Each structure stands twice: as C-alpha cells, then as structure tokens.
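Everything below concerns the one structure shown next.
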Amino acid sequence: MPQQFLAQGEQLQVPAIDFAAVLPILIVFGAASIGVLLEAFLPKHQRWSSQIALSLTGIVGAGIALAAYISDAPEGGITTFMAQGATTGAIAVDTPALFLWGTLLALGLASLLMIGDRSLEPGGAFISQAGLQSGGLQTREQANVTGMQTEIFPLTLFALGGMMTFVAANDLLTMFIALEVLSLPLYLMAGLARRRRLLSQEAAVKYFLLGAFASAFFLYGVALLYGYAGSVKLAEIAAATAGSSASDTLLYAGIGLVVVGLLFKGSVGPFHTWTPDVYQGAPTPVTGFMAACTKVAAFGGMLRVLTVAFEPASWEWEVPLWLIAVISMAIGAIFGLTQRDLKRMIAYSSIAHAGFLVVGAMTLTEDGLSSTLFYLLAYGFTTIAVFGVISLVRDANGEATDLSSWAGLAKRSPLVAGVFTFLLLALAGIPLTSGFIGKFAVFSAALADGNAALVVIALVASAVAAFFYLRVVVLMYFSEPAAEGPAVTVPGAFTTAAITLGTAATLVLGIVPAFALNWASAGGFVP
Amino acid sequence: MPDDIAASGGLDAYLPLVMLLALSFGFAVFSVAIAPLVGPKRFNKAKSEPYECGIEPSPQPVAGGGRIPVKFYLTGMLFILFDIEMVFLYPYAVAADAVGMFGFIAVTIFIVAITIPYVYEWARGGLEWD
Amino acid sequence: MTSFSQAAVVLAQQGGEDVVGTGEAIAFWVLGPLALAGGLGMIFVRNAVHSALWLVVSMLSFGVLYIVQSAPFLGFTQIIVYTGAVMMLFLFVLMMAGRDSADSMVEVLRGQRLLAALFGIGFATLLVGALARSLVNVQAQVPPDPYDPARGGGAGGLGRLVFTDFLFAFELTAALLIVAALAGIVLAYRDRREGPKRSQRDLVEARFRGEYKRRSPQPGPGVFATGNSVATPALLPDGSIAPESLSELIESTNTARLIAEQDRVLGSQAEHDDSRALLAGEDEQGSEQEGERK
Amino acid sequence: MTPTYYLLLSALLFAIGAVGVLVRRNAIVVFMCIELMLNSVNLSLVTFARINGELDGQVMAFFVMVVAAAEVVVGLAIIMAIFRARRSASVDDTNLLKY
C-alpha cells in the first residue's frame, strides 16, 4: 500500500513565537556566534579589541532590548515558543524572568570587564594557548607571552545565554539543555588560567566530572517526572500533581533528583564539594562570573521549578529542603572559619549564602519570591566586586590569595582595604549594605511564612559567618604588613569599572533598595 | 501491512535484517577462524612491523615518553559534530512536508550554526595535515 | 485489511499484558541481562579499555531495546551516535592517554569503595523497590506506528515534535554544539603558525649547521638489497651492516620468538619462501644478514 | 512481562553507573560511568513514552543523546588536557587542591 506511505501529512502550524520577548537571549547568542567567526577570520592582534567591543555591544544591546520589552510588557507575563494546541510554551517571559535577565546581563557585563582586563597581568588572566602541554618549557614561556585565548569571550556569552534561557525555561527538557549550555563553557573556562596551570586544569576536571554527575541525576529526575505526569512542562506537572492516578513515588523521586541537580549548580549544602576547589583553581575573573551568575541562574531555575511545578507537592519537599538549608549554612559558616586561602574562604561564604537563598526559595509566598530575587541581585554584585579586589593583590607569582599576605593591607593601600572591608561587611549582612537588606527581606518573608526556627538558625549562622569576614578586616587593619608581602596593583579601566559597579550597586541597594524590591515584586511566575 | 507490523511489536520487519546480520557475523567469524587453519605461516621481521612497507612509525608510544598526536582529536570531534547534524536532518527530511517552509528555516538556522565552528576550525588551520 | 489489523490492535489492548509480545519478552530477557553485564563489567574490570568495551555491550543492548520498543529511529541513533561516535572518541582518548593506566587498588579515602557500594545497593534497592511497587498496574498504550510517516512515530513523528514543541530546545542544541567544538579546538589545537614553516633550504642549512644528527638522509637498503623493508639493513662497502640503518623499533622487539618461528619456517621451506631472495639459493649477502641477526 | 521491567533495568544500570563514578579512579572511566547513567535515563524515557503511548519521551531521549555527545567532546578535551600535563588520568593524582 504505497499510497499510505506517500500520504500527504497535514501541514503543521508554526509555533507561536514572540520574538520581542526573547530578543535579549537571541542577541546574546547571536553575538556569541559572531564572536566565533571573528576568532576565525581576524588576525591575532585585532582579536582582543574586537571581541571586547562585540561582547560589550551584545550585552548592552540585549539590555536595551530587555528595557524596551519591559516598558510595554504584558501584565503577568507570557510564554512563547508555543506549539499549536499547547497551553504553555517552552520559554516563559514573566516578571521574575525579566528581573533575572536584567540581573544576569548586569552581572555578565561586570564579569566580562574583568575577564577582558589586561592591565593586571600582561595579556590578561588567561593562557594564550591552552592547547600546549602545561608544565613544559613552552608553558612557562607562555606566562610571558602577552596573547590571550580570546575564545573566552564567545564562551562567556554562550554561558550567559544559557543562564538566561535556564531561568526562563518553562519545561524541564529546555531547562536541561540550557543547564548544559551554561555549564560546558564554564567547565572549560575554569581550566584556562595563565598562572598555576595544573591547579586550574584540576579545577576544570573536578568541576566537569561532578557537574556531569549532577546533571545525570537531574536528568533521571526529569525522566521520572515525565513518567509521572506524561509531560515535562512545568505547568502540566503541577496539574498532574493535583489530580493524577499515577503513583506518587515517581513524583517524589523525580522532585528529589531534579532538586539535587539544581542544588549542585547553586553549590548548596552537602552538594557543595566542588565549590572550594573550583573557586580556588579557576582564573579569578571566571570565579567571579561563576560565583555571581551561576548562582543567580541556579536559584532562578529553582524558584521557577519549586513554584510552578512542585508547589502542589510542597508538603513533601519542605522538610528535606529545610534540612539542606541548615546543613548548607552550617558547612559554610564553620568551614569558612578554618580557611587560609581567601578564594576558598569566599567559596565557603558562598555556600553559606546558598543556604540563606534556599530559605528564601522554599518560601513560596510573593514576598519570598521577591526577596530571593533581590538577594540574588545584591549578592551577585557584591561577589563580583570581591573577586575583582582579590585579583588586585599580587606578588611575583600572580595573585596572592593566602590570608597571611593580606596582613596590614590597609597600610599599603587604604582605598583597596576600605572597599574590601565594605564588601565583606555586605557579605556579612551589616546595615547600610545590600547584604543586610537582602537577608532582612528573606528572613522576614520566611518568618511570615511560619518558619521561625529556620530563621533563628539562619541568624546564628550569619553571626558565625560574620566572624570570619571580620577576621579578614582585623587582619588588614591591625597587623603589621609582611616584609616581602604582595603589592596592590593599580587596576586598569576595566577592572576598576567592574569593582566600581559592584561596590556602587552594593551601596545603592543598601541605602535605597525600594526600586529593586518593587520591580522584583511586580509579578509572579506565569502559571 | 504497516499496521500489522505495529501490532506485532514491530519486530517482524526486522527479520531480514536480523538474518543479514547473522549472515555477516557468521561470515566474519568464519573468515577469521579459517585463515590461520588453511594459510601457510611464514614469519619474518618485516611482518611484525606496524608498516610492512618500511616506514618507521614516528611518534613513539606514549609509555615510552613519546608525544601525543592530539590533533586527531579535532577530526574525531568534527565527526561527532556532523554525526549529530545528520541525525537531526533525518527526522526533518521525513517530516519535511508537514513542517513546510517554517521547518526549512529552522533547520537552515541550525545548519548555519553548526557550520560556524567548522569554519572556525578550518580558518585556524585545524584541518591542515602537516 | 486495515479494519482487520485495527481489530487486532484492539484485541491486543485488552489486558495490557499482551502489548508486550513474546518476541519482545525474549528480546528483553536476552538483552537486559547483557546490558546489566555490560554495566557490571565496566565497573569491575580494571583495564580502562576493557571497561570501554563492556560499556559498548551495554549501549548496543540499549539500542536494540529501543528498536524492540517501537522506537527504531532512536535505536539506530543510539548505535550511530553512542557506539559509533562517542565511544570512538572515548577509545581514542584512552589509547592516547590512559591505555595502560589500570586502576590502582589502593584506596585513597579509607573505606570509600565499601561506602560507595553500600550507597549503590541502597540506591538501587530504593529505586527498584519504589518503581516496582508503584508501577505494578501499568497499562502500556499501543505505541504510534513507527512506519507511518504521516501520523505515526519513528523519525517523522520525532521530526514533527522537534519542529513544534521542542523547537527552542532544537535551536539551543546548536549553541551547545558550537560550545563543544570551541572547547575541543581551544584545548586540543595548537596554533603552529606562530613562526613560518621551514623550507627545504632552511632545513639544509640547519643540517649543515649541525642541528640534526646527520647531514645526509638515513642510508637506504642499498643497490644490492633484495628488499626495501626496514627489516633489511643497509650494508657498508665492506659488507657489514650500517648500524644507522637498523630500525630501533625492530631491534628492541622481542626477537626470541620471531627467530624461533623463522627457523621453524625457514628450516623446511627456505628454498621457496624467502621473499627477499632474488635467487633460489642463499647468496652471500643473505646468509650474512641471517648470521648478523642471530 | 510488563514494560515496568525496562524501568527496573534502567534503575539498576543508573545505580551501577553511580557506584562506578564513586568507585573508579580513572577520570575517563568515571566519565564512562556517567555516560552509562545517561543511557539508562534514555531507556526510562523511551519506556515511559511507550507506556504513555506518545512520542515526547522519545524526543527527549533523542535530545539527551545529542547533549551527551556535546558533553563528551568537552569532557574528553578537558581530561586529555590534564593528562598531557600530568601523564596520568587518575582522579587521585589531581589532588593539588586538597589541603
């Protein structure tokens, strides 16, 4: 029966696509692709400047497109890439997504400035040819070659585009692919440091293996949820949870595995093991990018999944997440105390902050959502600025991240010590900084949701964590500088801009947070 | 006929394929097994060489401290890349009349995007055989 | 015909058990244990290359299991992409990097293996128990016919879904592939075009400046040679073997067995089988070579 | 026999892969274990698609294969880079970062 094989199938309808809504993502990916072509055709000496120009244009352009869309965005948000007959599309563009896009673009801009900086180290923080064998003579020569692997710029843009997709993904498959798009460039970028090649490569391998392990768990969770709900769309999972005949075991196992995958990316609690090593080994600008943007993306995704898909099952995951938040805060605060390396210390600080963020993410009220979004914004800026300052203090071997070499820094450079103190106070959550407002908002939302015990534990953890931030401050101001200590490099325009942006945002969000809080609470997720 | 295939789990359609596989497998085993039994054995040093024509294999084994010819990784990588492109084109080709012009545009964007790294590798000299 | 087969489908639907035919059951009970053995083999075998081969067994079984489950396109994709491309790359890197790197049996973290095994058994028990308990009453639907291009499953069905429901994911995959290629090139490619390539003339000058061991090329087998294999060394005017022409690799291989074999073969068939002999009898050169090698 | 058996097989292999990741010390073998985990997820997806009588699961398995292939390219490049630096692919040797 050949006519059956040749039967003309019905024409499928074109999926509904709102290009204006997703334009920021498209611009970022487009700029990244053009960046690859620039790598192909430009001679070596032109690459750095054109890549910088292209990347900055891309991010600013995406920001303008975002602003233009926000000015007349439909109330309550939309979903796009919707197939005919479907109820929701693959990408949700709603207030939280727009807020997170704005946050990611701003943080991405600051990171990009730090990544592109060539003043601190001749040629920048990245190796000029990663394909060479490290440890050999050639690599040692490389440290003095002023080139730079300029592929880092398109990679950063791809990671940024992946993050923006991740926080807006409305089904678990798109989320999984976006997770990989944001992770793969980061695995690679972690291994491109100019100095301490072995350390950097190890960080890349560890990050990669553990990241792939975690995404396998995430994926198995997706499969189980698909088996439970018959769909991976977040809304349909929620609908199935409300009334499905299928066994709830699949649902619980699925939720557990998906959340574990997300917690890993957010470097929370017991799934944090990669964090200190990778933060320490990766080139400092990449660490800043990873610490700020990945955290925003991971928690943005987690907020959406918990609110849109798993809300009807919230009684099941509240207790485990409660425990995880406590464990994460405890690990961050206690192990942070014992660190001798500044980058590791900030890594443990980020684990503690991840615990606070879980407190916000599991509070499924409007205040919980807006306060967590605000916390992400504030924390991201502070962290980027912190890593910017860390990259300034250098000795002959590159960055001096050992705590002892920071002793008496205030006498060498009062300005840098002052800025760093301010940033550390923001991380600790002292009033007049954005950290205080963020913690205050999250804790009061959790309190209003009836989670008093958790808030008390979080306060204790903040107090313990404040101790190790203050230890650094005391070290900088009240001890004698070492005789052959590191020098504070005067940063070029790019790093200065990044640090200024981060510090100013920390200050502004600490004094007049209302505009950001209002924006964050302008609307919830698209159902 | 296709409906019957579906009803029977779709396995009957593979009977010829399975038979062909069995045949080819059997032939391979037979050829490998029979050769040492009936063939004459004449050894000399040249036959134990990797290349009997007399070329010395230049990169020494890794264990002996030789360098690793890493550039072939790029070839393998490109193979995977185009493998995936092909695997995406197949469903498109079968569904082409259903997805129409719109599907054509989508798949064109995809192909152009895949071509970008290829162009990049080519322009950088990654495909040169030095 | 069509109505008959529809009736058959309806019949098959009654009492979900029948959806899984006998043929499929047989396939499952053959391939399932095979896949399991592949997985276990992979983690228990010490040699990394053997691990990879066990994994291939698992992956092939998976591919056939997909075909059995009315997903023929996916089955072939599994075989082409995984066993064809992905495992190729794995084996390539293994051969290049860790071919003889068997796992050490030393535990760096004490008791880690035991803990991991306990974790695995616990995890598996939990998962399998939960799944087995929760899915006892699963009624499988009749899958879309993979051979119907208009409405059914198979490649066409996948295509229609990829270009509608999963369109964004599809285009996102392109970004993923660009990143992958970029990563490969950044880490594995070394730009050699830093300096100009050496021309013949440069090489000649470098030779005479003494940058190479010899000025002339390596000696060839010579005018009277009976073969041009590396195993045939060049002879100096006095008839002795030129040491420079000996292949390092051949000389360092285990010759005991080779010579034994050679003797065995030559002992009986020397007159006919020396492929390097131009004349039937052994000339002076040939015997000298033999003597030298022994 | 019901399709559930496929799911059980997939769960078992997923667990085997996870144990392999924790037990094996060769980075490449660890990565192969992760590939086994992804494969077993695919089996689950295909089986669920079959149970539901639809194709979404198959499409997802398809995407997972593609993503895994991209991941392999990146991962092996990174592992190869560190091997070339240290001449060892063991994850235990990568311990400069432990303190």
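Using the structure shown, decide if C:Gly84 is surrounded by 14 or more Cβ atoms within 10 Å (Cβ to Cβ), in contact with a helix residue (DSSP H, G or I) (Cβ under 8 Å, 6 or more places away or on another chain), part of a helix (DSSP H, G or I) and at pLDDT 90 or above. So that I can check it myself, show each step before the final result.
Numbers: surrounded by 14 or more Cβ atoms within 10 Å (Cβ to Cβ): yes; in contact with a helix residue (DSSP H, G or I) (Cβ under 8 Å, 6 or more places away or on another chain): yes; part of a helix (DSSP H, G or I): yes; at pLDDT 90 or above: no.
Taking the combined requirement at face value, the residue does not satisfy it.
Looking at region A:272-279, is at least one residue outside any helix (DSSP H, G or I) and more than 14 Å from chain C (Cβ to nearest Cβ)? If you could, list the steps in order and put the result at the bottom.
So in region A:272-279, the residues outside any helix (DSSP H, G or I) come out as A:272-273.
Right, trim to more than 14 Å from chain C (Cβ to nearest Cβ) and you get A:272.
Checked against the condition, which is being outside any helix (DSSP H, G or I) and more than 14 Å from chain C (Cβ to nearest Cβ), region A:272-279 yields at least one hit.
State whether one or more residues within region D:38-48 are assigned to a helix (DSSP H, G or I), small (Gly, Ala, Ser) and within 7 Å of another protein chain (Cβ to nearest Cβ). Working first, answer last.
Here is the first cut: in region D:38-48, the ones assigned to a helix (DSSP H, G or I) are D:38-48.
With the extra rule that they be small (Gly, Ala, Ser), the set shrinks to D:40, D:44.
If we keep only those that are within 7 Å of another protein chain (Cβ to nearest Cβ) too, we end up with D:44.
Within region D:38-48, one or more residues are assigned to a helix (DSSP H, G or I), small (Gly, Ala, Ser) and within 7 Å of another protein chain (Cβ to nearest Cβ).
For every residue, the table says whether it meets (1) among the acidic types (Asp, Glu); (2) assigned to a helix (DSSP H, G or I); (3) at pLDDT 85 or above.
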| site | (1), (2), (3) |
| --- | --- |
| C:Pro33 | no, yes, yes |
| C:Met59 | no, yes, yes |
| C:Asp100 | yes, no, no |
| C:Val106 | no, no, no |
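Considering only region A:154-178, state which residues are in contact with a Ser or Thr (Cβ under 8 Å, 6 or more places away or on another chain) and more than 9 Å from chain C (Cβ to nearest Cβ).
A:Thr156, A:Leu157, A:Met163, A:Asn170
Name, by its number, the condition in (1) out of contact with any strand residue (DSSP E or B) (no Cβ under 9 Å at 6 or more places or on another chain); (2) under 19 Å from A:Val28 (Cα atoms); (3) buried (at least 24 other Cβ atoms within 10 Å of the Cβ); (4) of a type outside the set (Phe, Trp, Tyr) that does not hold for A:Ile91.
With respect to (1) out of contact with any strand residue (DSSP E or B) (no Cβ under 9 Å at 6 or more places or on another chain); (2) under 19 Å from A:Val28 (Cα atoms); (3) buried (at least 24 other Cβ atoms within 10 Å of the Cβ); (4) of a type outside the set (Phe, Trp, Tyr), A:Ile91 is out only on (1).
What are the residues in region D:21-37 that are buried (at least 24 other Cβ atoms within 10 Å of the Cβ), part of a helix (DSSP H, G or I) and more than 10 Å from the chain's Cα centre (by Cα), if any?
Once the filter is applied, which keeps residues that are buried (at least 24 other Cβ atoms within 10 Å of the Cβ), part of a helix (DSSP H, G or I) and more than 10 Å from the chain's Cα centre (by Cα), region D:21-37 yields D:Ala27, D:Ile28, D:Val29.
So which residues in region C:45-57 are at pLDDT below 90 and surrounded by fewer than 23 Cβ atoms within 10 Å (Cβ to Cβ), if there are any at all?
Correct list: C:Val45, C:Arg46, C:Asn47, C:Val49, C:His50.
For C:Gly38, indicate whether it is away from chain B (no Cβ under 14 Å) and modelled with pLDDT of 90 or more.
Values: away from chain B (no Cβ under 14 Å): yes; modelled with pLDDT of 90 or more: yes.
Yes: the conditions hold for C:Gly38.
Test each condition in (1) touching a residue at least 60 places away in the same chain (Cβ under 8 Å); (2) within 12 Å of another protein chain (Cβ to nearest Cβ) for A:Leu250 and report the one that comes out false.
For A:Leu250, the exception is condition (1).
For region A:339-445, which helices (runs of 4 or more DSSP H) that fit wholly inside it have 3 or more residues that are buried (at least 24 other Cβ atoms within 10 Å of the Cβ) and either under 23 Å from the mean Cα position of the chain (by Cα) or among the charged types (D, E, K, R) (or both)? Don't jump to the end; show me each part of the working.
Values: elements: A:342-361, A:366-390, A:409-412, A:414-428.
Hits in region A:339-445: A:342-361, A:366-390, A:414-428.
The values are calculated or read from the model by the stated rules, or taken from the named source; none is laboratory data. Quick caveat: nothing in here was measured; it's all calculated off a predicted structure. Positions of Cβ are backbone-derived with ideal geometry, glycine not excepted, and every protein chain shown enters the neighbour counts.
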